[in-house]
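One structure is given below, encoded as structure tokens.
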Amino acid sequence: MTQHMTGWRTTWALLAFMLVDFADKTVLGLAARPVMAYLGIGREQFGTASAAFFALLSVSALAVSYLTRTVRTTVLLLALALLSSAAQLPMLWPAAGFGTLPATRVLLDAAEGPAPPVATHHLHGWFEQHRRTLPTAVLLTGAVHERDALVLAAEAPRLKERCAQNRSKGPAK
């Protein structure tokens, strides 16, 4: 297999990693009402837990990105994926309460903050400098636009309902 083919396979694998890595925020938002009901919390507590996600975003991105100088990016990406996965496990236990939600959000934040720069650094090792633009664009599409696509897909039923309500009211005068 050529370096070029391996590079593109790595690109698609990292894209999948980025999509899964960032999808949890969207899923938590879509499941807000059932999660609040299950945990017996209000909107303010849920908002606090959701905002906890951003507590370490920049700090962890800078710290782990600095580690790319001494630690192989393959090892760092594996560690980030394992931390992200481990942070979501406590939410499966019925005994998990409100305190668990912000704690897991902070751990996820620590894993997801450095994911884009470390993945980009890793990806650039597979391509010559003049061939890095397209693979980088593919990778960052997963990190940036995945959220927009999922939010739009989640809002589609509501949008359809609003359009139907507006049609039943008749034309605006």
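The values are calculated or read from the model by the stated rules, or taken from the named source; none is laboratory data. No experiment lies behind these values; they were computed from the predicted model shown. Because the Cβ atoms are built from the backbone with ideal geometry, glycine has one as well, and the counts that use them run over all protein chains shown. Ligands, DNA and RNA are excluded from the accessible area calculation, which covers all protein heavy atoms including side chains. Shrake-Rupley method; radii C 1.70, N 1.55, O 1.52, S 1.80 Å.
Once you list every other residue whose beta carbon is under 14 Å from the beta carbon of Pro135, what net charge do they have if Lys and Arg are +1 and Asp and Glu are -1?
Working: positive: Arg9, Arg131, Arg132; negative: Glu128.
Overall, the nearby charge balance is +2.
Multiplying the residue separation of Thr136 and Ser58 by 0.36 nm and subtracting their alpha-carbon distance yields 26.0 nm. Spacing of the modelled spin labels on Ala51 and Ala31, each 7 Å from Cα toward Cβ, amounts to 2.3 nm. Ranking of Thr141, Thr133 by solvent-accessible surface, largest first: Thr133, Thr141 (1.4 Å probe, protein heavy atoms only, all chains present). Just to verify a number: FRET efficiency for Phe98 and Arg9, C-beta to C-beta distance, R0 = 35 Å, to 0.05? Computed FRET efficiency for Phe98 and Arg9: 0.25.
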